[in-house]
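Structure record follows, encoded as structure tokens.
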Amino acid sequence: MSDPGPSDEELVAAFRNEGEARVLDLLIRRHVGKVQAMIHQMVLNATDADDLTQEVFIRAIRGLASFGGRARFSTWLHRIAVNTARTFLRRQSRGLAAAQCLADRPDPQCPTPEERASARELDDGITAALASLSPTLRSAIVLTILQGFEPREAARIEGCAVATLYWRVHKARKLLKAQLKEYLA
């Protein structure tokens, strides 16, 4: 078994005490993949997700001095990511059309053009269904179902009670099921 190394909280403390850039690099490498995947699932566009992921880490680095340790570092970081994605979605809904894709590549396991078209139609249906959810409902689904956070952790990231998170997931699933009923038959 390999040594997992210092905890996130130990790395934050080391950065505060010593100001070493390598500590920040380790924190970023540890979390960038999960943060980027979560943001992508919220904004439904790879380019925007890349830009927002950079913004999240810039905000986190600037805010490290104010990180109080009341929550785990990963919870704090994902809260920044959710807020950044929600702000982006609010801005986008005010002036830009939200026609986005979940995937920019064809599915390699669908050999025939008909199967590819069918898979693409399903992807577009899922994208449209996710895009129709409010940012609050979408983030509840992204955190719990797509990212696999435990409900208690997802509720902390969302800043709500666990019961509220369960309601949001239930409501989002109900709306998604109604929108995707032609694919679920």
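Some observations on this one:
- Normalised size of segment 1-100, defined as Cα radius of gyration per 2.2 N^0.38 Å with N residues, equals 1.19.
- In segment 128-175, the alpha-carbon atoms span a convex hull of 58 Å³ per residue.
- Relative intensity of segment 19-78 on a log10 scale, I(q)/I(0) at q = 0.20, 0.22, 0.23, 0.28 Å⁻¹, equals -0.77, -0.91, -0.97, -1.24, per a Debye sum over C-alpha point scatterers of equal strength in the absence of solvent.
- Going by neighbour counts of Cβ atoms within 10 Å, the residues Lys34, Lys174 line up, fewest first, as Lys174, Lys34.
- Point-to-point label distance, Leu64-Arg16, nm (Cα→Cβ direction, 7 Å offset): 1.2
Quick note: the coordinates plus some simple rules give every number you see, no bench work behind them. Just so you know, these numbers come straight off a predicted model, no measurement behind them. Virtual Cβ from ideal backbone geometry, glycine too; neighbours counted across all protein chains shown.
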